[in-house]
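> Pasting a structure here, questions to come.
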Amino acid sequence: MDALEFDYVIVGGGGAGAVLARTLAEQTSATVALLEIGPSDAGHDEVLDFRRYREIPASPLGTRVPIVPPARGNKRFSYPISRVLGGSTSQNTCIWFRPPASDFDDWVAAGAAGWGPDAIFRHFDALEGRVHVETQTSDLDSHRVLYDAAKDEGFERIDLSKSFDTGMGDYRMSKSGVLRQSSSVVFLHPLEALPANLAVLTETAAQRLIFAPDGSVSGVATSRGPVRARREVVLCLGALETPKLLMLSGIGPAQELQKFGIQVRRDLPGVGAHLLDHPAACVNIAASRKLARDELWNYAGVLFTRIEPDAPWPDIEIQLGPELFEQQTAPAGYPSSPDGFAAYFTVNRARSEGSVTLASPDPNDLPRVDPAYFSDPDGYDMRIMVGGVRTARRLFATPAMRGWAGIELAPGADCVDDEAIESYIRETATTGYHPGGTCRMGDPADPRTVVDPSLRVVGVPGLRVADASVMPTMVSVNIAPTCFMIGHRAATLIAGKAA
């Protein structure tokens with residue numbers, strides 16, 4: 001391969017990028033370069049052992065993006081970004097659920113033609129033939145009692161490896177024992193045995209796109225110099241950093257770019273808008289006895305249910321475990337206990353939309369991220385959250401929990417009416433670590449659209465986006481498998497093999 005000149009340049013070696021790069025190299029004879037700002041994950045036990053995921057954001061392999069402080073609510077949380085091959089799949093908790101068919105019906109309705117469930121599930125089938133996914137079970141009484149509590153509340157035991165609706169089931173995790181199945185582990189390891197037409201350039205920071213005289217994208221300016229693309233550049237930096245690189249390169253809302261003296265190459269108002277997430281909160285209770293702990297994975301299972309009865313699919317996901325979730329409650333001053341139970345819940349299809357904008361024209365600066373939680377005009381997100389608190393309280397008050405459940409630590413027994421619960425949620429809500437939607441896919445005639453259903457950036461030849469940022473609506477489960485799918489489908493679209 002010619003040095004630093006390739007047919008395709010993939011920017012970002014995360015959940016979508018690594019899958020895209022390897023799959024495209026396997027499906028075509030084209031030369032492919034994968035650029036990653038961080039080092040390889042090989043040899044980093046803190047990455048490869050999924051149990052150590054909490055170590056990455058505070059290490060040299062990660063960083064945190066602070067949020068724009070809300071006028072009312074939690075100002076303390078931030079978004080972790082990985083600086084290592086595998087991206088967020090090198091620091092996540094490896095939860096692997098397929099989204100329901102209704103999610104992709106909604107994508108099509110939003111303008112993503114060809115992304116319906118029949119087409120998309122073929123990609124999940126292909127991925128699950130390659131990604132090792134395990135069902136995580138435990139025989140501990142402290143885990144079984146939570147299933148008994150769910151049964152007392154009328155929830156069936158369900159198999160989360162198949163199509164499912166309401167009920168509680170065992171975790172599905174993309175791991176093999178303690179070894180995480182990140183996009184890097186599955187699609188790039190061992191690095192010394194990659195296809196001859198695939199080059200992985202680690203510790204290579206993308207700074208701006210390079211344009212040809214005709215306005216098409218012809219490469220990427222990086223920390224190691226220009227990397228040229230004879231055919232296309234594909235951005236896979238994720239929902240926070242893909243819009244940042246586009247805006248630094250003059251693609252985005254013209255008014256925003258002009259504030260920083262950036263030449264406007266394509267006025268696309270949708271770049272950085274429409275930030276979606278799964279806002280999260282919890283209920284913590286003390287335990288009235290010492291709780292046994294599963295050292296591999298100490299959450300017992302996942303409950304899917306409806307807060308609003310007419311929801312087409314469960315509108316809340318509740319993770320239940322014999323340990324406290326105190327990331328936000330402890331800093332807010334809520335009490336703790338040596339042993340306890342948590343119900344950690346997320347709004348599956350939150351309607352609030354945040355934004356990602358530039359903090360400065362310096363590529364080394366982090367983007368400015370405003371999640372805008374609970375800003376949806378109808379108050380839907382908060383209603384689901386309040387329902388989550390009440391559902392958790394019913395679970396912890398079941399006959400099964402007698403002799404196990406002590407006092408409620410957060411929000412506490414004095415937090416009774418909706419107004420008080422809403423105040424608690426605002427003060428302790430945090431990210432579900434699933435940002436998406438900031439370069440939404442749709443009909444090119446829609447002014448909000450950033451990429452068309454072939455993932456091509458509207459009005460910018462030679463450029464595509466393939467990561468969580470293209471989601472037109474949020475998926476109803478943890479998003480890593482969907483990021484893998486986007487990368488896989490992007491490869492087939494580029495190679496001309498998509499159904």
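> For segment 19-41, which positions are surrounded by 19 or more Cβ atoms within 10 Å (Cβ to Cβ), closer than 19 Å to residue 497 by Cβ and out of contact with any strand residue (DSSP E or B) (no Cβ under 6 Å at 6 or more places or on another chain)? Let's see the steps before the verdict.
Filtering segment 19-41 for residues surrounded by 19 or more Cβ atoms within 10 Å (Cβ to Cβ) gives 19-25, 31-38, 40-41.
With the extra rule that they be closer than 19 Å to residue 497 by Cβ, the set shrinks to 19-25, 31-32.
Passing the criteria: 19, 22, 23.
> Next question. Quick check: is even one residue across segment 218-237 assigned to a helix (DSSP H, G or I), in contact (Cβ under 8 Å) with a residue 60 or more places away in the chain and open to solvent by less than 30 Å² (accessible area, probe 1.4 Å)?
Filtering segment 218-237 for residues assigned to a helix (DSSP H, G or I) gives none.
No - not one qualifying residue is present in segment 218-237.
> Also: Does residue 470 meet the test of being touching a Lys or Arg at 6+ places or on another chain (Cβ under 7 Å), open to solvent by less than 30 Å² (accessible area, probe 1.4 Å), closer than 26 Å to residue 350 by Cβ and touching a residue at least 12 places away in the same chain (Cβ under 8 Å)? Write out each step before concluding.
Values: touching a Lys or Arg at 6+ places or on another chain (Cβ under 7 Å): yes; open to solvent by less than 30 Å² (accessible area, probe 1.4 Å): yes; closer than 26 Å to residue 350 by Cβ: yes; touching a residue at least 12 places away in the same chain (Cβ under 8 Å): yes.
The answer is yes for residue 470.
> Among the numbered criteria (1) charged (D, E, K, R); (2) crowded, with 24+ Cβ neighbours inside 10 Å; (3) under 27 Å from residue 152 (Cα atoms), which single criterion is violated by residue 440?
(3)
> Still on this structure, please answer the following. With within 19 Å of residue 435 (Cα to Cα), touching a residue at least 24 places away in the same chain (Cβ under 8 Å) and touching a Cys at 6+ places or on another chain (Cβ under 8 Å) as the only criterion, which of 12, 86 stands out?
On the way: 86 fails: touching a Cys at 6+ places or on another chain (Cβ under 8 Å).
Unique residue meeting the criteria: 12.
> Got a number for residues in segment 439-480 being in a strand (DSSP E or B) and among the β-branched types (Val, Ile, Thr)?
So the first thing to find is which residues in segment 439-480 are in a strand (DSSP E or B), and the list is 441, 451, 456-457, 463-465.
Filter once more, keeping what is among the β-branched types (Val, Ile, Thr): 451, 457, 465.
Selection size over segment 439-480: 3.
> Determine, yes or no, whether residue 477 is under 25 Å from residue 153 (Cα atoms), open to solvent by 30 Å² or more (accessible area, probe 1.4 Å), at pLDDT 95 or above and β-branched (Val, Ile, Thr). Break it down into steps so the answer makes sense when it comes.
On the way: under 25 Å from residue 153 (Cα atoms): yes; open to solvent by 30 Å² or more (accessible area, probe 1.4 Å): no; at pLDDT 95 or above: yes; β-branched (Val, Ile, Thr): yes.
No, not satisfied.
> Here's something else I'd like to know. Answer yes if at least one residue in segment 131-144 is under 25 Å from residue 235 (Cα atoms) and at pLDDT 95 or above, and no otherwise. Reasoning before the result, please.
Residues of segment 131-144 that are under 25 Å from residue 235 (Cα atoms), as a first pass: 131.
If we keep only those that are at pLDDT 95 or above too, we end up with 131.
Yes, segment 131-144 contains a residue that is under 25 Å from residue 235 (Cα atoms) and at pLDDT 95 or above.
> If you scan segment 403-438, which residues turn out to be part of a strand (DSSP E or B) and small (Gly, Ala, Ser)? Working first, answer last.
From segment 403-438, those part of a strand (DSSP E or B) are 405-410, 430, 436; that's our starting set.
Across segment 403-438, the qualifying residues are 405, 406, 410, 436.
Here's the yes/no breakdown for (1) of a type outside the set (Phe, Trp, Tyr); (2) open to solvent by 40 Å² or more (accessible area, probe 1.4 Å); (3) more than 26 Å from residue 492 (Cα to Cα):
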| residue | (1), (2), (3) |
| --- | --- |
| 102 | yes, no, no |
| 134 | yes, yes, yes |
| 137 | yes, yes, yes |
| 142 | yes, no, yes |
| 153 | yes, yes, yes |
| 156 | yes, yes, yes |
| 170 | yes, no, yes |
| 176 | yes, yes, yes |
| 180 | yes, no, no |
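> Let me ask another. Out of the residues in segment 59-75 that are part of a loop (DSSP other than H, G, I, E, B) and within 27 Å of residue 224 (Cβ to Cβ), which is least open to solvent (accessible area, probe 1.4 Å)? Explain how you work it out, then say what you get.
In the first step, residues of segment 59-75 are kept if they are part of a loop (DSSP other than H, G, I, E, B); the result is 59-61, 68-75.
Restricting the remaining residues to those that are within 27 Å of residue 224 (Cβ to Cβ) gives 59-61.
Numbers: 59: 25, 60: 125, 61: 10 Å².
Out of the qualifying residues, it is 61.
> Sticking with this one: Filtering segment 182-217 down to residues that are hydroxyl-bearing (Ser, Thr, Tyr) and assigned to a loop (DSSP other than H, G, I, E, B), which residue is surrounded by the most Cβ atoms within 10 Å (Cβ to Cβ)?
Keep residues of segment 182-217 that are hydroxyl-bearing (Ser, Thr, Tyr), which gives 182-184, 202, 204, 216.
Next cut, assigned to a loop (DSSP other than H, G, I, E, B) only: 182, 202, 204, 216.
Numbers: 182: 34, 202: 17, 204: 21, 216: 14.
Filtering first and then ranking leaves 182.
> Take residue 483 and tell me if it is crowded, with 24+ Cβ neighbours inside 10 Å and either part of a helix (DSSP H, G or I) or of a type in the set (Asp, Glu) (or both). Let's see the steps before the verdict.
Values: crowded, with 24+ Cβ neighbours inside 10 Å: yes; either part of a helix (DSSP H, G or I) or of a type in the set (Asp, Glu) (or both): yes.
Judged against the criteria, residue 483 is a match.
> Restricting the search to segment 319-347, which residues are touching a strand residue (DSSP E or B) at 6+ places or on another chain (Cβ under 6 Å), touching a residue at least 60 places away in the same chain (Cβ under 8 Å) and either in a loop (DSSP other than H, G, I, E, B) or open to solvent by 30 Å² or more (accessible area, probe 1.4 Å) (or both)?
Those that are touching a strand residue (DSSP E or B) at 6+ places or on another chain (Cβ under 6 Å), touching a residue at least 60 places away in the same chain (Cβ under 8 Å) and either in a loop (DSSP other than H, G, I, E, B) or open to solvent by 30 Å² or more (accessible area, probe 1.4 Å) (or both): 322, 324, 328, 329, 334, 335, 337.
> Here is a follow-up. Since residue 304 meets every condition but one in (1) in a loop (DSSP other than H, G, I, E, B); (2) closer than 28 Å to residue 441 by Cβ, which condition does it not meet?
All conditions pass for residue 304, except number (1).
The values are calculated or read from the model by the stated rules, or taken from the named source; none is laboratory data. It should be emphasised that the depicted structure is a prediction, and the values quoted were computed from it without experimental measurement. Glycine also receives a Cβ, built like all others from the backbone with ideal geometry; neighbour counts cover every protein chain displayed. The protein model used for the area step is the full one, side chains on, heavy atoms only, and it has no ligands, DNA or RNA in it. Shrake-Rupley method; radii C 1.70, N 1.55, O 1.52, S 1.80 Å.
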